Amino acid sequence: MTPRTTPAFRLPRRRALAAAAVGVAAVLTLSSCSAEAKNSGGDSGKGSGAKTRTVTDIAGKVEVPAEPRRIVSVDFYSPAALVDLGIKPIGVVEGFDDPDPNLRPKKYHDALGKTATVGTYYELNVEAVAKQDPDMIFAETRFLRKGELERLQGIAPVVQLDASGVGAWEDRTLMIAAAVGKADEGKRQQTVFRKRAAELKTEYADVLTKNKIAVFGYGQDQSTWGTYPAGHFYVPSWDAVGARFRSFTEGEHKGEPGTVSQWLSLEQIGKLSNADILIHSYGAGDFVTSLSKNTVWKNLPAVKNGLVFENIPAAVVSSFEWGTESLNQLDTLLARIDAKAGK
């Protein structure tokens, strides 16, 4: 398979900006995800003389710098993974300057709060990306708008990411580590994460295996609600410890694995009756308090048994060290659940 190359790879900044405006079509070949990378020994773009490597992303093989030094992340996840690997990207999506503990652990806010921004992961500013003159770009391509991938590929090699399904975020994190030449360190961090998860899975085996949980949140105006199934990006810590999720009821889900349930009216909140334990999203305490006037809510088994708890903050795990920190917080929450459910 011929690796994808980027015509504008390491062009001077002025030419990179021009390439971003025009856009260069890339050859995309579907392939299975892999975190393996190998040295190609070749030279990068026109006369630069820099060595390159060939790595595998969700679209196939792509040629990247052997030692990338100017990485821009246009997705939500890769900045944290890069920080864990000792790499600070020069451009990230908006939000890292927000100290809200529910967005990400303080470590990543501190590391990237003053980093240049390139829009949001769902509304990218391609010109801002080009302005950073990157030599590598990470992108979760399902959120890119029409034509944006090609424009990014006209600036620098793009490593394409995605992750849906139980444990898929781990594959994505290993892919990021391999792309920057730190595959071994990525695997080491994964081992630490999995060891901690196994400890919690064993310690709380009784409550985890005997009960079904529902992790739920509310819609924009608090007039609707929905639940997050196994494999959703909001519940990787629960997946890691082997939590059992309630089954969706008829008409509740679109049938797409790993996606949130349909947003349902409060009159339908009785559908949560098949959950032994309810976990509401972090910061949703006011919403849950408002439900105390809802007769259907008050008669749910979990509510009557006092088994309603707030989820851990920053639950959208983006890297192994983030995940390990989340598991430590989950340990405290599971201890509270175990004490209550075991009575």
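Miscellaneous remarks
- Calculated FRET efficiency, residue 335 to residue 212, Cβ-Cβ distance, R0 = 22 Å: about 0.70 to the nearest 0.05.
- Of the residues 190, 112, 160, the one whose Cα sits farthest toward the positive end of the charge dipole of the stretch 97-228, with +1 on the Cβ of Lys and Arg and -1 on the Cβ of Asp and Glu, is 190.
- For the stretch 241-343, with +1 on Lys and Arg beta carbons and -1 on Asp and Glu, the positive-most of 289, 326, 279 along the dipole: 289
- Counting DSSP beta bridges with both ends in the stretch 200-343, the antiparallel % (nearest 5): 40 percent
- Ranked packing of 136-142, 261-267, most packed first, by mean Cβ within 10 Å: 136-142, 261-267
- 3J(HN,Hα) along the stretch 172-178: 4, 5, 5, 5, 5, 4, 5 Hz, from the Karplus curve 6.51 cos²θ - 1.76 cosθ + 1.60 with θ = phi - 60°, whole Hz, x for Gly and Pro.
- Mean-position separation - Cα centroids, the stretch 68-91 and the stretch 282-316, in angstrom: 36 Å
- Cross-link pairs exceeding 25 Å in C-alpha to C-alpha distance, out of 107/340; 51/88; 212/298; 212/271; 201/293, comprise 107/340; 201/293.
- Point-charge dipole on Cβ atoms (K/R +1, D/E -1) for the stretch 208-343, about Cα centre, debye to 20: 600 debye
- One decimal place: the segment residue 304-residue 202 gains 33.9 nm when fully extended, by the rule 0.36 nm per residue minus the C-alpha distance.
- Burial order of peptide ranges 121-130, 53-62, 274-283, 69-78 (average beta-carbon count within 10 Å, highest first): 69-78, 53-62, 274-283, 121-130
- Inter-site label distance for residue 94 and residue 292 at 7 Å from Cα along Cβ, in nm: 3.6 nm
All of the numbers you see were taken from the coordinates with simple rules; none came from a lab. Here the structure is a predicted model, which means the values were calculated and not measured. Neighbour counts are summed over all protein chains in view; Cβ atoms, including those assigned to glycine, are modelled from backbone coordinates with ideal geometry.
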